1. Filter the strands (runs of 3 or more DSSP E) completely within the range 273-329 down to those with at least 1 residues that are among the small types (Gly, Ala, Ser) and surrounded by 12 or more Cβ atoms within 10 Å (Cβ to Cβ).
2. Looking at 69, 10, which one is over 26 Å from residue 272 (Cα atoms), free of Cβ contacts under 8 Å to residues at least 24 places away in the same chain and loosely packed, with under 14 Cβ neighbours inside 10 Å?
3. What pairs come up if the first residue lies in the range 276-291 and is more than 17 Å from residue 9 (Cα to Cα), the second is aromatic (Phe, Trp, Tyr), and their beta carbons are under 9 Å apart, counting only those six or more places apart or on different chains?
4. Could you check the range 94-111 and list, in sequence order, the residues that are of a type in the set (D, E, K, R), assigned to a helix (DSSP H, G or I) and touching a helix residue (DSSP H, G or I) at 6+ places or on another chain (Cβ under 9 Å)?
5. Only one of 298, 231, 225 is under 27 Å from residue 74 (Cβ atoms), in contact (Cβ under 8 Å) with a residue 40 or more places away in the chain and either outside the structural domain of residue 155 (by TED's automatic domain parsing) or out of contact with any helix residue (DSSP H, G or I) (no Cβ under 8 Å at 6 or more places or on another chain) (or both). Can you tell me which?
6. Let me confirm something: among 24, 86, which residue is in a helix (DSSP H, G or I), over 26 Å from residue 219 (Cβ atoms) and free of Cβ contacts under 8 Å to residues at least 60 places away in the same chain?
7. Given 166, 128, which one is within 30 Å of residue 203 (Cα to Cα) and either in a loop (DSSP other than H, G, I, E, B) or of a type outside the set (Asp, Glu) (or both)?
Amino acid sequence: MIDQRILPAEFKYISYTSASAVADGIRDMVVRGAPAIGCAAAYGVALAALELCSKNSDEFTQGMEEAFEVLAQSRPTAVNLFWAIDRMRKLMRNSKGTSAEIANILLEEAHKVKKEDIEINRKMGSNGAELLNDGARVLTHCNAGALATAGHGTALGVFRSAVEVGKKVSVIADETRPFLQGARLTAWEMVQESIPVTLISDNMSGHLMSHGEIDAVVVGTDRVAGNGDVANKIGTYMVAVLAKRHNIPFYVACPLSTIDRSITSGKYIPIEERPIEEVTGYRDCQWAAEGIEVRNPAFDVTPAELVTGLITEKGVVLNPTTEKINKLF
């Protein structure tokens, strides 16, 4: 996996050989972004199966359950993690054959998860591109690009697809404190694609909106509740409120695998609290005073009433509600 902690200063791959190591990579933010986490989890399951392929049926099953558990504990908010684990577990339980044969089935399924994700991102990108006018200036929060998926991206996939059909769009990427996914990852991806990008700090978007310099907002998501409430990187809620105040459309690029209909509203989405060191400094630089209290929720929830539309692989759901979301399935 690309080590996203050190981009853009350095581009490096890290190789993983076990489910527990993949879980560490997810927890430590080597890989992040809901679809990418789902793909990583699927491959983590496949790695566990390959490690256990010489075991008898009982030992194989026990070892796999341990792998499912360690992967499930890596991060709590991104529902694609649990979606991928459940998909792999069901396939394992429904598969016949030796441990080695089942391991190969699981590996093929991981490849399938990756391939499907790219296809879904392409469909979402095409659907979302229709929403953007030629010359649109689009704000995005965090990184929902190729780095956060198996390829193409969700929110950034919309921008890529718009450019592919000949539209000129420019991206405004906020830093996305405290982990700086916008400054480090989104800006880097847009530079690679030669898509014009302007970096701002998180507290500048209201100023630009009030001066008519932002035409739309497109973000990704880590989990959408059954009623359309959206959990995304901390700070998304503030952007959505500002967009509503200034009558700017606020779109969420959202594969169906990220919609969790078992949760009726966003208040039931678990919010991960990450280490205080991410707030008090960055890498070797510490700027906060010693001895202070720190809060570091990694996500917040944007109510459905602030969401102009969910961009899915099955089309755009405007003003999402429980009824409209259920129709997607």
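1. Working: elements: 299-302, 309-312, 315-318.
Hits in the range 273-329: 309-312, 315-318.
2. The match here is 10.
3. Taking only residues 6 or more apart or on different chains, the pairs are 278/179; 280/287; 281/287.
4. Residues satisfying the conditions are 108, 109.
5. It is 298.
6. Result of the check over 24, 86: 24.
7. Going through 166, 128 in turn, just one is within 30 Å of residue 203 (Cα to Cα) and either in a loop (DSSP other than H, G, I, E, B) or of a type outside the set (Asp, Glu) (or both): 128.
Let's see how each residue does on (1) free of Cβ contacts under 8 Å to residues at least 12 places away in the same chain; (2) part of a loop (DSSP other than H, G, I, E, B); (3) buried (at least 21 other Cβ atoms within 10 Å of the Cβ):
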| residue | (1), (2), (3) |
| --- | --- |
| 113 | no, no, yes |
| 124 | no, no, yes |
| 134 | no, yes, no |
| 143 | no, yes, yes |
| 171 | no, no, yes |
| 185 | no, no, yes |
| 190 | no, no, yes |
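The values are calculated or read from the model by the stated rules, or taken from the named source; none is laboratory data. Keep in mind the model is a prediction, meaning the values are calculated, not measured. Here Cβ is always computed from backbone atoms with ideal geometry, including for glycine, and neighbour counts include all displayed protein chains.
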